[in-house]
1. Please pick out the residue among Val344, Val272 that is open to solvent by less than 20 Å² (accessible area, probe 1.4 Å), closer than 23 Å to Leu43 by Cα, part of a loop (DSSP other than H, G, I, E, B) and in contact (Cβ under 8 Å) with a residue 12 or more places away in the chain.
2. Can you tell me which condition Gly132 does not meet? The list is (1) of a type outside the set (D, E, K, R); (2) modelled with pLDDT under 95; (3) part of a helix (DSSP H, G or I), and all the others hold.
3. Which pairs do you get when a residue that is at negative phi, found in segment 89-116, comes within reach of a residue that is basic (Lys, Arg) and buried (at least 17 other Cβ atoms within 10 Å of the Cβ), reach meaning Cβ atoms under 8 angstrom, with the pair 6+ apart or on two chains?
4. Would you be able to say whether some residue in segment 126-134 is without any contact (Cβ under 8 Å) to a residue 40 or more places away in the chain and either among the β-branched types (Val, Ile, Thr) or open to solvent by 50 Å² or more (accessible area, probe 1.4 Å) (or both)?
5. Of the residues Glu197, Glu167, Glu179, only one is of a type in the set (Asp, Glu), in contact with a Ser or Thr (Cβ under 9 Å, 6 or more places away or on another chain) and surrounded by fewer than 24 Cβ atoms within 10 Å (Cβ to Cβ); which?
6. For segment 17-40: of the residues being part of a loop (DSSP other than H, G, I, E, B) and of a type in the set (A, V, I, L, M), which is surrounded by the most Cβ atoms within 10 Å (Cβ to Cβ)?
7. Could you say whether any residue in segment 229-249 is open to solvent by 20 Å² or more (accessible area, probe 1.4 Å), over 30 Å from Ala113 (Cα atoms) and without any contact (Cβ under 8 Å) to a residue 12 or more places away in the chain?
8. Answer with yes or no whether Ser44 is over 19 Å from Met161 (Cα atoms) and at pLDDT below 95.
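The values are calculated or read from the model by the stated rules, or taken from the named source; none is laboratory data. These numbers were taken from a predicted model, which means no experiment stands behind them. Every residue, glycine among them, receives a Cβ derived from its backbone with ideal geometry; neighbour counts consider all protein chains shown. To get the accessible areas, we keep the full protein, side chains included, count just its heavy atoms, and leave off ligands, DNA and RNA. Shrake-Rupley method; radii C 1.70, N 1.55, O 1.52, S 1.80 Å.
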Amino acid sequence: MTDGWFKPDRFFDGQDIVDDMAVRVADGMIVETSRASVPAIPLSGLLTPGFVDLQVNGGGGVLLNNTPTVDGMAQIAAAHRRFGTAAILPTVITDQPDLLVQAAAAAIAAKDAPDILGLHIEGPHISVAKRGTHRAECIRPLDQDTLTIVSDLRKAGVAVMITLAPEAATPAQIALLAEMGAIVSLGHTDATAEEVEAAIKAGARCGTHLFNAMSPMTSRAPGAVGAILNAGIAFGMICDGVHVDDRMLRLALRACAAGSAPFLVSDAMATVGGETQFTLYGRTICLQEGRLVNAEGNLAGAHITQAAGMRRLVHHVGIPLADALRMVVTTPATLIGQPRLARVLGRLTDDLFLLDGDDTVVGTLTQGIAQAES
């Protein structure tokens, strides 16, 4: 790959889209940017940092719960990279206690991998009533075993997001997790608004896949949804046209309080970049008309990428492209403590992607440069 200056049609700098930015490449890395007029090879499309996904259960035929290893995490990350996601938070869902131990050990072993950001522990400390596809017999209140695992992860320098239900943990336990530096995210909960607000006061600062598997908002009972939207905290959303109606996403983005930090997650399962079915808890999960369902007919994760979710935000929900890009790059990168992932300077050309005029990922900057030079 030739070193030198390259100028895409447009450029997402982590906050805004500009059309007069050029980048200088040396040894496969962006070493300088300039808005001044410089001799540069033109590139077709919009250049953006790769997407960041904080809830990824699987990909490439691999499910973390079935393969809680460093290699499993690497295969999942590689599958999502093909679609424009440069960094993921591998997610382990409710299971037997030893499974969480294995996943935590893998996250510690993988902590220096640039595309693996840590570990998202989704359950088992959730509501049985709002468990979704999570295994009911494995659900339990937050206990010392999990607190110790989170403490060990944080001492090893591994980022942790832990999804729990307020009714499955005490405010003191939530405060302890927050003091450890874990991101406590509220989800899979049937809690009242007051219980959610108490958890947020104790240190919870995120909501997990808003609307899905949480007490709904009604006229006299705001539930978890209403409490999260009013709290001015971060919250993830799945934008696949299946988990949440596009109109509800549009409403939530208009209604959320000042200070809120909405972002997209894929909640992707093994079928992204893999086969159309996989096993979870020994049972087959099938992809049917874009929906992943278990034998009970419940949704079992999602079959979508961050790129597809971002594009749907723009073309179906009606969100401006710059806002949508912040929701798949800047906000999740900042929340997980990696703001560098929202920048271009100092990044490898393999970690930057080009979007065409239809907002579809067409390849990495490395590939774009090769095409421009051919």
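1. Values: Val272 fails: closer than 23 Å to Leu43 by Cα.
Selected residue: Val344, the only one of Val344, Val272 that is open to solvent by less than 20 Å² (accessible area, probe 1.4 Å), closer than 23 Å to Leu43 by Cα, part of a loop (DSSP other than H, G, I, E, B) and in contact (Cβ under 8 Å) with a residue 12 or more places away in the chain.
2. (3)
3. Taking only residues 6 or more apart or on different chains, the pairs are Thr94/Arg131; Thr94/Arg135; Asp95/Arg135; Asp115/Arg81.
4. Within segment 126-134, the first condition is being without any contact (Cβ under 8 Å) to a residue 40 or more places away in the chain, and the residues that meet it are 128.
Right, trim to either among the β-branched types (Val, Ile, Thr) or open to solvent by 50 Å² or more (accessible area, probe 1.4 Å) (or both) and you get 128.
Yes, segment 126-134 has at least one match.
5. On the way: Glu197 fails: in contact with a Ser or Thr (Cβ under 9 Å, 6 or more places away or on another chain); Glu179 fails: in contact with a Ser or Thr (Cβ under 9 Å, 6 or more places away or on another chain).
Answer to the selection: Glu167.
6. Within segment 17-40, the subset part of a loop (DSSP other than H, G, I, E, B) is 19-21, 27-28, 35-40.
Subset that is of a type in the set (A, V, I, L, M): 21, 36, 38, 40.
On the way: Met21: 19, Ala36: 7, Val38: 13, Ala40: 16.
Here the answer is Met21.
7. The answer is yes; a qualifying residue exists.
8. Values: over 19 Å from Met161 (Cα atoms): yes; at pLDDT below 95: no.
No: the conditions fail for Ser44.
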